[in-house]
Amino acid sequence: MRSGRIQSSASCSASSSSTFPHPPCLSSASRHCKFPRLLSPRALSLSQRVSRNCLVPETTQFSFSKQSSTNRKRLFPVNVGALVTSNTEAISTGPLVAEEKIGVLLLNLGGPETLDDVQPFLFNLFADPDIIRLPRLFRFLQKPLAQFISVLRAPKSKEGYASIGGGSPLRRITDDQAEELRKSLWAKDVPAKVYVGMRYWHPFTEEAIEQIKRDGITKLVVLPLYPQFSISTSGSSLRLLESIFRDDEYLVNMQHTVIPSWYQREGYIKSMANLIEKELQKFDRPEKVVIFFSAHGVPLAYVEEAGDPYKAEMEECVDLIIEELEKRKITNAYTLAYQSRVGPVEWLKPYTDDTIVDLGRKGVKGLLAVPISFVSEHIETLEEIDVEYKELALESGIQNWGRVPALGCEPMFISDLADAVIESLPYVGAMAVSNLEARQSLVPLGSVEELLATYDSQRRELPAPVTVWEWGWTKSAETWNGRAAMLAVLVLLLLEVTTGEGFLHQWGILPLFH
Ligand SMILES: C=CC1=C(C)c2cc3[nH]c(cc4nc(cc5[nH]c(cc1n2)c(C)c5CCC(=O)O)C(CCC(=O)O)=C4C)c(C)c3C=C
Ligand SMILES: [Fe+2]
């Protein structure tokens, strides 16, 4: 089989070989132009909105095809140190004074630590308006609906968590990453404190923020632990931070900056390439193995309707890793697919399961799975990939299976995260939008408000990714089941509100305001 990207027959609408014009940016030297107001999100066409990275001058065609990727600019600096120095000089925020207390806030998803945590964890997830975005009129239903869906989904999720030891390893791994990052920063003469703020489980972002206040942090770098930005992950955490910051006098005055995504950084790309290279060597005939990048999916509407840059960033990330492997003379065939879809709506394609079957049918005998959207082991690597997809691959005729571990605390990766933090420090509190130099930063930066204005500024209503009720097999049946269930919820609510009694009162969801 020829090397290069394998396109599954179940391939996506905006395929990896599609070419589209790149949005204008201030300067061709600028690696990212995530700063708003220059380009009004409304003014951008859909194809422009999904790829906001300004890697090439305005007139250049930007393509994700294999052929053109070799002509593309290097995405990461050859000499980070030199550029940091020049950036530091360029920004007039002044030197860090002795009383300055630097904090780094790592944002992550969080996961249930015990089986009893599963349903409340799912409730928090589905109560997030960036996961289920209800029409304005129905917003008051968010919590009852989240309760309803979480109760329905909990048994299936519990099974998964039970099979990986009774809980998610996410907290332990993220705490370890925070400690290693802290050590790395101190070793680089940046005495910073590192905090972990989870979106859906302990330690919650609110708890981390309270600690940040108690510690008297004056400069904060916000670093989501997702390499690629999605409205549903980093975006959701930033949305929460925005509301916490807005309501708090201390935080309003605390200087901060956000590193929204960092998939293009040299240390991350090289660390991923190292892991892939190492795992390939475990196969009898490494050159015959297909490298299978599997990313967590998002509903298609996030990308196509809300302008989520996730898919564009993911494709670019894969291209960069492949370029790095090619430099090492590793020219295996590869493909990218999306896993873990929930509910009846269409998610990013091609789907991982369909692609595995497809590859088996095409005679592929060796597959190396590379989880790419997350830097810790979690239920979707340990259960979905290691158990479900492996089984599917073997059933589909793929005889040799391997999986690249998540990065975890891999030293080169942690050291690169520390560099990202250090590079961002000159911009903490700097008015990134009005600051010409900041726009040319190596690390795409911005305040919480700026980033939220860039991505998803209109907060369009999106179809709920999960179904409320499930029976029958057809899509239309599911739609009608959903509508019927919605009606049932409304009737129940009406009864509850009028009688003051019912299951929502028993669960403490109503009354909404105490
Ligand atoms: C980049 C990573 C992730 C994206 C994008 C994402 C979007 C997304 N997820 C759901 C629904 C669920 N996610 C669940 C678990 C989960 N999700 C991610 C990452 C991304 N999610 C991780 C790492 C995990 C596992 C955490 C752990 O405990 O180990 C779950 C719960 C598990 C299950 O029941 O399957 C749900 C549900 C949606 C709807 C969504 C986009 C809209
Ligand atoms: Fe998820």
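Dipole size of the stretch 266-403 about its Cα centre, with +1 on Lys/Arg Cβ and -1 on Asp/Glu Cβ: approximately 720 debye, rounded to the nearest 20.
Want the number for residue 399 to residue 136: 0.36 nm per residue separation, take away the alpha-carbon distance, what's left?
Going from the current span to full extension adds 89.6 nm.
When the listed pairs 188/390; 183/311; 278/365 are checked against a 30 Å cut-off, the alpha-carbon distance exceeds it for 188/390; 183/311.
A dipole drawn for the stretch 266-403 from +1 and -1 charges on Cβ atoms has a positive end, and of 371, 268, 292 the residue lying farthest that way is 292. Extending 7 Å from the Cα toward the beta-carbon at both residue 391 and residue 249 defines two label points whose distance is 5.8 nm.
The residues neighbouring residue 352, those whose beta-carbon lies less than 12 Å from its own, together hold a net charge of -3 under the Lys/Arg +1, Asp/Glu -1 convention. Between the stretch 367-398 and the stretch 201-242, the C-alpha centres lie 29 angstrom from each other. Ligands, DNA and RNA excluded, the heavy atoms of residue 148 present near 40 Å² of accessible surface to a 1.4 Å solvent probe. Taking every protein chain into account, the 1.4 Å probe leaves residue 351 with about 20 Å² of accessible area, to the nearest ten. Of all lysines in the structure, the ones whose alpha carbon falls short of 18 Å from that of residue 213, not counting any fewer than 8 places away in one chain, are 101, 193. Positive contributions from Lys and Arg (+1) and negative ones from Asp and Glu (-1), summed over other residues with Cβ under 9 Å from the Cβ of residue 103, come out at +2.
The values are calculated or read from the model by the stated rules, or taken from the named source; none is laboratory data. On a predicted model such as this, the values are computed, not experimentally measured, just so you know. Because the Cβ atoms are built from the backbone with ideal geometry, glycine has one as well, and the counts that use them run over all protein chains shown. Ligands, DNA and RNA are excluded from the accessible area calculation, which covers all protein heavy atoms including side chains. Shrake-Rupley method; radii C 1.70, N 1.55, O 1.52, S 1.80 Å.
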